[in-house]
Amino acid sequence: MTAIGAAAGVQERPRPLERPPDLKERDSRMLATGATAAGAAPWASSPLPFVGLALLIGVGLGWLSGRAQRQRAAHVRSEITKSKRQLQAIFDGITDGLIIVDSDFTVVAVNKAEAAFLGKTPQDIVGKPCFEVYCRGEFACEMCPAHETFATGQPALVSRLEHESGYHRKGVDVYTFPVYDENGETIQAIQYIKDITERIKLQAQLREVEQMTGIGHMAANVAHEIRNPLIAVGGFARQLHEALDMDDPRREYTSIMLEEVTRLEQILREQLTLERHLQPVLAPVDVNQILRDVWKLLSHGMLSSSVRLIGNLADGLPMTMGDANQLKQVFLNVIGNAIQSMPDGGTIEVTSEQSGERITVTVTDNGPGITEDVMSKMFVPFFTTRKQGSGLGMAVTRSIVENHGGTIDVSSEVGKGTTVRISIPLVRSTHEVEHRAIYGERGAEAAEVSKTKEGTGGSE
């Protein structure tokens, strides 16, 4: 009661207490949410649970997003690894040589085929200058087409290079292709080394076939012009020789005449053989028996006591179709050449074997060997290294072998000896021999398959 009220004798009614503003605001929030002061939970008035829930959701979403990114990254890495393995398999699967060099001619990569040809592993070559690997020099090879590729940024080619490693030699075409950076500058060159040895051999064989054709025509003309006079000269020479007494010194001259006539007759026969294209008269033949017959002829003629002949013939070698007389001529020529190459004596080994569907006869001697220059001309008609040779023996030999559907290969090392390997197909019909001679191994197999299908009405 105030002093004025007390003085007036008037008594005041008590006033209600005022709530603090912060409690009023809390009550308003509680009323808005339907809560009461007495029934409200302690956490209902705090914002912290909502912040925690948001953080939890964010962390979960982040983890899920990171997991998805990691999965995508792992998939990308897996695809890159797979692609690298595929490219490496393609790179190493190419049978020709591949090598990648940078602008200073350092080897960046090399495939297995090229490394194997060089007798090394890719690890031995990568990181070294290519001219050190190939030319054993200090500077890049002048003939390397990579010079042009780095200078122009364009592909380049150098044809018919001789690529060698040890005793292996082959002709190659070398192609180079540029590798550009993001600015279009040439930073690397891919060298593709294409083996063209077989192509060179085929071209040489084609030239020889053309030569043989021309020689065949010439042989026909020569035969008609020489044959009859030669018969007359030989006949008269023999009569003169027989008419002379045994102690007559002129018999020496008539003997020389007869020897030369005999040599001319042999040349004439070989030329006529070329004109007839050496077509074989086919019949079942035993290759081992032909070799034994050749040994008998040589033992009574050319085979001297200083030359040792070793035979290693396969037991049970099957019969094949061939011309016995022509095959005998082949073996006489080859073994005879080996004997004549060893005037001071030596050893000749003759082996026969069956290799799959082929019969192979190998003649190996330990004579002086054959130089590369002579090897390249060995089968050229009229080429010879002997004074008394006609130069037709090996040309005729190869023609006979090829007309039997076979092959003849010669390898030699000077000072160590020579090996001649003659391989003819194991065939059981004249039809197959003819197809092999014309179309080769695959053509004959295809013809045989076709013939078989025809015989069975084409049914599988």
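Between residues in region 391-402 that are assigned by TED's automatic domain parsing to the domain that holds Phe379 and over 13 Å from Asn337 (Cβ atoms) and residues that are assigned to a helix (DSSP H, G or I) and not charged (D, E, K, R), which pairs lie under 8 Å by C-beta distance while being six or more apart or on different chains?
Ser399/Met212; Ser399/Leu274; Ile400/Gln326; Ile400/Leu327; Ile400/Gln329; Ile400/Val330; Val401/Val330; Glu402/Ala437
Here is a check on your reading of the model: is Lys328 under 23 Å from Thr262 (Cβ atoms) and outside the structural domain of Thr262 (by TED's automatic domain parsing)? Steps first, please.
On the way: under 23 Å from Thr262 (Cβ atoms): yes; outside the structural domain of Thr262 (by TED's automatic domain parsing): yes.
It is true that Lys328 is under 23 Å from Thr262 (Cβ atoms) and outside the structural domain of Thr262 (by TED's automatic domain parsing).
Which residues, counting only those in region 151-168, are at pLDDT below 65 and assigned to a loop (DSSP other than H, G, I, E, B)?
Gly166, Tyr167
Taking only pairs six or more apart or across chains, which ones have beta-carbon atoms under 6 Å, a first residue in region 126-149 that is farther than 16 Å from Ile100 by Cβ, and a second residue that is in a strand (DSSP E or B)?
Qualifying pairs under 6 Å: Met143/Val158; Glu148/Ala156.
Take region 365-390 and flag every residue that is touching a strand residue (DSSP E or B) at 6+ places or on another chain (Cβ under 6 Å), closer than 30 Å to Val285 by Cα and buried (at least 19 other Cβ atoms within 10 Å of the Cβ). First the steps, then the outcome.
First, the residues of region 365-390 that are touching a strand residue (DSSP E or B) at 6+ places or on another chain (Cβ under 6 Å): 365-367, 369-370.
Remaining after also requiring closer than 30 Å to Val285 by Cα: 365-366.
Asp365, the sole residue that qualifies.
For region 324-421, which helices (runs of 4 or more DSSP H) that fit wholly inside it have 3 or more residues that are within 22 Å of Arg292 (Cα to Cα) and under 30 Å from the mean Cα position of the chain (by Cα)?
Where helices (runs of 4 or more DSSP H) fall fully within region 324-421 and carry at least 3 residues being within 22 Å of Arg292 (Cα to Cα) and under 30 Å from the mean Cα position of the chain (by Cα), they are 393-403.
Under the condition of being more than 17 Å from Gln205 (Cβ to Cβ) and among the charged types (D, E, K, R), which residue from region 406-441 is modelled with the highest pLDDT?
Among those that are more than 17 Å from Gln205 (Cβ to Cβ) and among the charged types (D, E, K, R), it is Arg421.
Residue under question is Val107, and the condition is that it be assigned to a strand (DSSP E or B) and in contact (Cβ under 8 Å) with a residue 24 or more places away in the chain; does it hold?
On the way: assigned to a strand (DSSP E or B): yes; in contact (Cβ under 8 Å) with a residue 24 or more places away in the chain: yes.
Spelling it out, Val107 is indeed assigned to a strand (DSSP E or B) and in contact (Cβ under 8 Å) with a residue 24 or more places away in the chain.
Taking Val281, is it modelled with pLDDT of 85 or more, of a type in the set (Val, Ile, Thr) and under 22 Å from Ala395 (Cα atoms)? Steps first, please.
Details: modelled with pLDDT of 85 or more: no; of a type in the set (Val, Ile, Thr): yes; under 22 Å from Ala395 (Cα atoms): yes.
No, not satisfied.
Go through region 306-320 and give me each residue that's touching a residue at least 40 places away in the same chain (Cβ under 8 Å), among the small types (Gly, Ala, Ser) and exposed (fewer than 11 other Cβ atoms within 10 Å of the Cβ).
Scanning region 306-320 gives no hits.
From the list Ile335, Ile359, Ile348, Ile339, which residue is buried (at least 20 other Cβ atoms within 10 Å of the Cβ), modelled with pLDDT under 90, among the hydrophobic types (A, V, I, L, M, F, W, C) and not assigned by TED's automatic domain parsing to the domain that holds Leu206?
Numbers: Ile335 fails: modelled with pLDDT under 90; Ile359 fails: modelled with pLDDT under 90; Ile348 fails: modelled with pLDDT under 90.
The match here is Ile339.
So Asn403 clears everything in (1) buried (at least 16 other Cβ atoms within 10 Å of the Cβ); (2) at pLDDT below 50 except one condition, right? Which one?
(2)
Quick grid of which residues meet (1) at pLDDT 60 or above; (2) out of contact with any Cys (no Cβ under 6 Å at 6 or more places or on another chain); (3) assigned by TED's automatic domain parsing to the domain that holds Glu132:
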{"position": "Asp27", "(1), (2), (3)": "no, yes, no"}
{"position": "Thr33", "(1), (2), (3)": "no, yes, no"}
{"position": "Ser45", "(1), (2), (3)": "no, yes, no"}
{"position": "Phe50", "(1), (2), (3)": "yes, yes, no"}
{"position": "Leu56", "(1), (2), (3)": "yes, yes, no"}
{"position": "Gln86", "(1), (2), (3)": "yes, yes, no"}
{"position": "Val101", "(1), (2), (3)": "yes, no, yes"}
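Could you check, for region 182-194, whether at least one of its residues is within 30 Å of Lys377 (Cα to Cα), at pLDDT below 80 and part of a strand (DSSP E or B)?
Looking through region 182-194, none of the residues is within 30 Å of Lys377 (Cα to Cα), at pLDDT below 80 and part of a strand (DSSP E or B).
The values are calculated or read from the model by the stated rules, or taken from the named source; none is laboratory data. Quick caveat, the model's predicted, so the values are computed rather than measured. Here the Cβ is made from the backbone with ideal geometry for all residues, glycine too, and neighbour counts use every protein chain on show.
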